[in-house]
Amino acid sequence: MKRDTIIIGAGVVGLMCAYSLHKAGRKVTIIDEGDITNSTSFGNAGLLSAFDKGSLSYPGVITNTMKQMIKGESPVKVHPKLDPKLFKWLFKFATSANETRFKRTIMLFEKYGEETLGLYEKMQKKENLDFDYHRTGMLSVFTEDATYEKKLKECESKEAKNYKILSKEETKEYLPCGNEKIKGSILFNRNAHFDPQKVMLQTKEFLQKEGVEFILNEKITDIKFENKKVKSVSSATNTYKAENFILSTGYQTLLADIRKKSLMMTPAKGYSITFSMPNELKPKTSTLFSDLFIVMTPRRHSVRLTSKLELGSTDTNIVKAQIESIKSNFEKYTVPFEMKEIKEWTGFRPLTPNDMPLLGRDEEYKNLVYAMGLGWLGMTFAPSVGKIVKKMITKDLDNKDSDDILLFSGLYQ
Ligand SMILES: Cc1cc2nc3c(=O)[nH]c(=O)nc-3n(C[C@H](O)[C@H](O)[C@H](O)COP(=O)(O)OP(=O)(O)OC[C@H]3O[C@@H](n4cnc5c(N)ncnc54)[C@H](O)[C@@H]3O)c2cc1C
């Protein structure tokens, strides 16, 4: 049996590609090695922060990280590893962290940010889904005078309606658990947040009801090529043929490696701690502790903290010392309270060195489309990626015919 479109990887990117293609009338099959509750898309912060947060590769990132390392507050850890791919990635990251590139990235985030939030909103309304979605802005909290002053200066060039500067006292209204050491904050109005778990489970359930085929707990380990096309993909037990194949395997590159496609992407390990806390201390909206790279997102019955960016590690275990370090950095700037029903999690961001996702057709095997490398913004941009991929497949576009690929894909940058 030959299928129409097979998507390998049921993280948020795979699911949003499936949603867009299904809505366009295509027959979609999704294959995943897990049951979708194991992916990075499940345990992340759920911040939809396309606006005013900046990019990861910003001018000054290297110096700032060094300063944080000296203070013992750095979220970044590079594991010593003699991997030429990692060194190439680090070099490209360092050279991408310049003013021109930064401005371009911010403009692209704004362009696709407005679209992607619109798509989430429309999807929830149309399909009657509940993602615990709130477009209530993102509170950027500062614990250092210098970075707060710098950000305030940057705000002078922004449209006043997009942000609100909050004093120490006003910050407490949004972040009642913050303590006296917080210098102040800025509420960036355009951002949103949701519960990633709800997004994943509800989207999967909706797609299943609509007849999208899910093949779960089956790892794809091989690809066969014939006449300049991918002919089939195989697991240990089955072979699947299709017209189109989409690779949305997150940070995992096994299949791209078999294709001998070197993707400029590295796994960046991060952690989350989900817990319940007194309601009166819960933040009113998603909160970024800017100087600590810690995000705190409220959800209906809990709160989630996320942090850390470890390069050079593919260890899937939760390292206790990292959890403790997140907690101790967080506790320096919050009033004492008890975290209850704690759940710890770790996952890997599929990180590119210039914040651009890896999107587009394989140049030799044209029925193979890459939808990867969404890094630290995969939840944010997944609906836009789904739309771009749908357009490529339904209109049979080549990379050069897609403005989105030329603008937003890291394959050509
Ligand atoms: C700590 C942390 C916090 C984050 N916070 C945010 C945030 O606030 N906002 C935001 O926008 N983003 C955030 N991110 C990033 C976001 O989670 C990722 O960008 C996103 O989840 C990537 O989605 P994906 O679908 O590409 O990959 P994944 O979610 O990893 O899904 C890939 C899927 O492919 C499957 N797979 C892989 N290989 C195979 C194979 N060979 N055969 C079959 N199946 C396979 C896997 O099982 C997996 O289910 C965060 C990430 C981390 C780690």
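Just so you know, all these numbers are worked out from the coordinates, no wet-lab data involved. None of these values were measured; they are calculated from a predicted model. All Cβ positions, glycine included, derive from the backbone under ideal geometry; neighbour counts span all protein chains shown.
Data overview
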item	result
Subset of 161/181; 125/204; 228/395; 126/284 violating a 21 Å alpha-carbon distance limit	161/181; 126/284
Whichever aspartates and glutamates have a C-alpha closer than 13 Å to that of residue 122, once near sequence neighbours (fewer than 8 apart) are set aside	114, 130
Computed [θ] at 222 nm, helices only, for the chain once each DSSP H run of length n ≥ 4 contributes -39500 (n - 2.57)	-10500 deg cm²/dmol
Shape category assigned to the chain from the gyration tensor of Cα positions, a/c cut at 1.5	prolate
Packing-based exposure ordering (other Cβ within 10 Å, fewest first) of 212, 78, 12	78, 212, 12
Lysine-lysine proximity count for the stretch 6-115, Cα under 27 Å, sequence distance 8 or more or distinct chains	26
Relative contact order for the chain, counting Cα pairs under 8 Å that sit 6 or more residues apart, in percent	26
Footprinting exposure proxy for 411, 311, 15 (fewest neighbouring C-beta atoms within 10 Å first)	311, 411, 15
Gaussian network model of the chain, Cα within-10 Å springs - most flexible of 291, 32, 145	145
Under 16 Å from the Cα of residue 366 - aspartates and glutamates, other chains or at least 8 residues apart	4, 226, 243, 396, 398, 401
Among 377, 82, 175: highest mean-square fluctuation, GNM of the chain, C-alpha pairs under 10 Å	82
Rounded to 5, percent antiparallel among DSSP beta bridges of the chain	70
Residue order, fewest to most surrounding Cβ atoms within 10 angstrom, among 169, 73, 331	169, 331, 73
Choice from 90, 288, 48 showing the highest fluctuation, given a GNM over the chain with Cα pairs closer than 10 Å	90
Helix axis angle, 378-394 relative to the chain longest principal axis, alpha carbon, degrees	20
